[in-house]
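Heads up: the structure comes next, in C-alpha cells.
The values are calculated or read from the model by the stated rules, or taken from the named source; none is laboratory data. What you see is a predicted model, and the numbers here were worked out from it, not measured in a lab. Please note: Cβ atoms are built from the backbone with ideal geometry, for glycine as well, and neighbour counts cover all protein chains shown.
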Amino acid sequence: MSRLRSITAACLTLLVALPLLVLRPATAEQVVMGLSQSSISITTNFEGSDILIFGAIKRETLIPDGEIDVIVTIAGPSETYTVWRKAKRMGIWLNTEAVEIDAAPSFYAVAASGPLESVLSQTEDLRHRISIPLAIRSVGAPETIGDAQSFTDALIRIRMKNGLYSLLENAVEVQEQTLFRSSIRLPANLTEGAYRTRIYLLRGGDVVANYETSIDVQKVGLERYLYSLAHEQPLIYALMALALAVLAGWGASAFFRLVLRQG
C-alpha cells in the first residue's frame with residue numbers, strides 16, 4: 001500500500017510539473033555587462049563623471065524573432081522630501097500646500113535604445129517601475145492627495161533642470177542584437193551611497209531578461225573629513241566654521257587697512 005501511495009504521489013508530481021516544462025521558454029537570454037567604474041570618489045575638485053555601461057547578450061539558441069531593445073537605469077539612494085506649493089496671499093508669496101514624497105531617488109537616469117514609450121509597455125513599466133514618474137512614491141494629506149501628481153511632476157522638473165534626473169532616448173547602441181553600450185553622466189552634486197544600476201532586455205515591449213549591479217559613491221579626503229565632522233560632531237564643526245569666518249573677516253579688515261595706509 002505504501003509503495004502504491006509513493007507511485008501515485010510521483011505521478012501527481014509529474015502531472016503538475018509537465019505543464020511548467022511545456023510553458024518554459026524555448027530561448028533563454030542573459031545579460032553579461034560591465035562598467036567603466038564600479039566606484040566613484042568625491043573629492044574637492046570633483047566635477048562629475050561619465051559612466052560607460054557595456055555588455056553582451058548570452059543565448060542558449062539562435063537569435064529569436066523580433067528586435068531586441070535595451071534599457072539602462074541608474075538610481076541613487078532614495079530619500080524623503082516635502083514639496084511645497086507657493087501662493088500669493090495679500091501680496092506675499094507663502095507656502096500653502098505640501099505633499100510628502102515618501103521615496104524619491106536622489107539621482108535617476110533612464111537610457112533606452114529607442115523612444116521609451118515604444119520599447120517599454122505600460123504593464124512592464126508598472127511591474128519594474130522603470131520610468132521616472134514610477135520611480136517616485138508620494139503620499140499626501142487627504143485634502144491634497146488628488147493633486148499629489150502635480151507635486152511629483154514639480155519635483156521631476158526641478159531635478160531634471162539640475163541634472164539629477166534625465167531621460168536619454170536612443171542613447172543605448174545595440175549591435176547585431178548581441179552587443180550594447182551606453183554612457184550616462186553623473187553630475188558633481190551626488191549623494192553618497194550605492195547607485196543601483198539595472199539593465200533590461202526587451203522584445204515587443206516585454207522584459208525578457210534583466211541584470212542588476214551597483215556603483216559605490218563615497219566622499220574621500222577633505223570632503224570625507226568635513227562631512228563626517230558635520231554629521232558626527234556638529235558642535236565642533238560649528239565652532240570651526242565660526243572661527244574660520246572670524247579669521248577671514250579679520251584678515252580682510254587688516255588687508256584693507258594696510259592698503260589705505262599705503263595709499
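Exactly one of these conditions fails for residue 159: (1) closer than 30 Å to residue 86 by Cα; (2) part of a loop (DSSP other than H, G, I, E, B). Give me its number.
(2)
Can you find even one residue in region 180-192 that is modelled with pLDDT under 95 and more than 22 Å from residue 47 (Cα to Cα)?
yes
Against the condition loosely packed, with under 10 Cβ neighbours inside 10 Å, over 30 Å from residue 29 (Cα atoms) and at pLDDT below 80, how does residue 262 come out, does it pass?
yes
May I ask you to say which residue of 70, 110, 31, 99 is over 20 Å from the mean Cα position of the chain (by Cα), among the hydrophobic types (A, V, I, L, M, F, W, C) and surrounded by 12 or more Cβ atoms within 10 Å (Cβ to Cβ)?
None of the other options fit; the residue is 99.
Take the conditions modelled with pLDDT under 50, β-branched (Val, Ile, Thr) and under 21 Å from residue 120 (Cβ atoms) and apply them to residue 8. Does it pass? Break it down into steps so the answer makes sense when it comes.
Details: modelled with pLDDT under 50: yes; β-branched (Val, Ile, Thr): yes; under 21 Å from residue 120 (Cβ atoms): no.
So residue 8 fails the test.
Whether any residue in region 76-91 is touching a residue at least 12 places away in the same chain (Cβ under 8 Å) and closer than 30 Å to residue 176 by Cβ is what I want to check.
no
Take residue 197 and decide whether it is buried (at least 17 other Cβ atoms within 10 Å of the Cβ), part of a strand (DSSP E or B) and of a type in the set (S, T, N, Q).
So residue 197 passes the test.
Could you list, in sequence order, all residues of region 102-135 that are basic (Lys, Arg) and free of Cβ contacts under 8 Å to residues at least 40 places away in the same chain?
129
Determine if region 73-82 includes at least one residue that is in a strand (DSSP E or B), in contact with a Lys or Arg (Cβ under 9 Å, 6 or more places away or on another chain), under 24 Å from residue 175 (Cα atoms) and of a type in the set (A, V, I, L, M, F, W, C).
Going residue by residue through region 73-82, those that are in a strand (DSSP E or B) are 73-75, 78-82.
Among the residues that remain, those that are also in contact with a Lys or Arg (Cβ under 9 Å, 6 or more places away or on another chain) are: 73-75, 78.
Restricting the remaining residues to those that are under 24 Å from residue 175 (Cα atoms) gives 73-74.
Now drop any that are not of a type in the set (A, V, I, L, M, F, W, C), which leaves 74.
Looking through region 73-82, at least one residue is in a strand (DSSP E or B), in contact with a Lys or Arg (Cβ under 9 Å, 6 or more places away or on another chain), under 24 Å from residue 175 (Cα atoms) and of a type in the set (A, V, I, L, M, F, W, C).
Answer with yes or no whether residue 77 is at negative phi and under 15 Å from the mean Cα position of the chain (by Cα). Step through it out loud before you land on a result.
Numbers: at negative phi: yes; under 15 Å from the mean Cα position of the chain (by Cα): yes.
In short, yes.
Can we say residue 99 is touching a residue at least 60 places away in the same chain (Cβ under 8 Å), closer than 16 Å to residue 133 by Cα, aliphatic (A, V, I, L, M) and in the same structural domain as residue 131 (by TED's automatic domain parsing)?
Details: touching a residue at least 60 places away in the same chain (Cβ under 8 Å): no; closer than 16 Å to residue 133 by Cα: yes; aliphatic (A, V, I, L, M): yes; in the same structural domain as residue 131 (by TED's automatic domain parsing): yes.
Criteria not met by residue 99.
For the condition outside the structural domain of residue 68 (by TED's automatic domain parsing) and either at pLDDT 80 or above or surrounded by 15 or more Cβ atoms within 10 Å (Cβ to Cβ) (or both), what is the one hit in 203, 224?
Numbers: 203 fails: outside the structural domain of residue 68 (by TED's automatic domain parsing).
It is 224.
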